[in-house]
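Enquirer: Okay, here's the structure, questions in a sec.
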Amino acid sequence: MGRSSVGGSPGSSSSLRRVRPDGTPVYRYQQGPGLPPVSVIRFDTEADHAGLPPDHRHAHDFLVLVYVEEGDGAFAVDGAERPLRAGEVHAVPPGQVIGVAAVSELARCRAWSVAFTPDAVPALASVSPLAWAHHPLLALFAPGAGHGVVAEPDRASWSGWLAELAEELADPGRLGAREAVAGLLTRVLVAAARLAPSAPSAPDPLVERVFDEIEATFREPVSAGDVARALGYTPGHLTTLVRERTGRPLLEWITERRMTEVRRILRETNLPLGVVASRTGLRDASYLVRRFRDRYGITPERWRRSQRARR
């Protein structure tokens, strides 16, 4: 995926989704038909970091995991600086703003970057995005976690897993490649989760209330304003609070929850798009197609066929 993680500019597997009011671009994962939604790159030399602007601020709507093999450096997540040291694993959830003050800070690192969406892992494919912070496989992405250190004896294993994952992704059409990619990514996520703090941070009470309300109402045609008013806030104020605390605005969380359910129904049933739309709070089939194509760069029916072809 051409440099879409720490300090990287998105490449062929991502595209600009929108630009925030402060000018920060937000990139989405653009999955090719029949391809697993996983990308791996290795930052090995200074040339890998060439051409980046001095302050390359951006965010993703997918998950990014970075493993530092050698060297050191620094980057920023939501304005807080994170040093990069050999053996560290860094997890960047969707919506957080990544920044690099100087490319030279990254050029000293040899690192792997893995970008993926939950569809890549069977255990996560139908998990609500509202529950990502509590899923065991994504423990390093939870609030209060963010990074861990791989023990010295285990570092060769990490390099081996990521090299093998990159090799499988280089030829995704060969027999068993999808299963191998899913298995290797799951292994990496298990290892990353074991690096997370044993006592995770307490959930934010407001975020929990917002997520509970979304979970209870997303199947109906509710808006961000409806959710805000149900909780006693003005839409603008609650959207600001949710963005500050989660990195994503309120409407994005509602849309993400709906799209997760749309994908589940498409994958597991033959229901027509009109019925899928009515069960996920979307107006009609045409609106569903527009939203799905905008979100994933592919029509719902084409996505459904690609999922069936994997079976």
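Enquirer: Are there any pairs with C-beta distances below 6 angstrom linking a residue in the range 227-253 that is within 10 Å of G95 (Cα to Cα) to a residue that is charged (D, E, K, R) and surrounded by 14 or more Cβ atoms within 10 Å (Cβ to Cβ), with the two at least 6 apart or on different chains, and if so which?
Expert: Short answer, once both residue conditions are applied: P249/R243.
Enquirer: If you don't mind, another one. Taking the condition of being in a helix (DSSP H, G or I) and farther than 21 Å from D22 by Cα, how many residues in the range 225-258 meet it?
Expert: 11
Enquirer: Here's something else I'd like to know. Give the residue, chosen from L184, L175, that is more than 30 Å from P249 (Cβ to Cβ), free of Cβ contacts under 8 Å to residues at least 40 places away in the same chain and in contact with an Asp or Glu (Cβ under 7 Å, 6 or more places away or on another chain).
Expert: Of the residues listed, the single one that is more than 30 Å from P249 (Cβ to Cβ), free of Cβ contacts under 8 Å to residues at least 40 places away in the same chain and in contact with an Asp or Glu (Cβ under 7 Å, 6 or more places away or on another chain) is L184.
Enquirer: Filter the range 264-311 down to the residues that are in a helix (DSSP H, G or I), among the aliphatic types (A, V, I, L, M) and in contact (Cβ under 8 Å) with a residue 24 or more places away in the chain, then identify the one that is nearest to A125 (Cα to Cα).
Expert: That would be L266.
Read the figures in this text as sums done on the coordinates, not as results from a lab. Treat the numbers as computed from the prediction; the structure is a model and nothing was measured. Because the Cβ atoms are built from the backbone with ideal geometry, glycine has one as well, and the counts that use them run over all protein chains shown.
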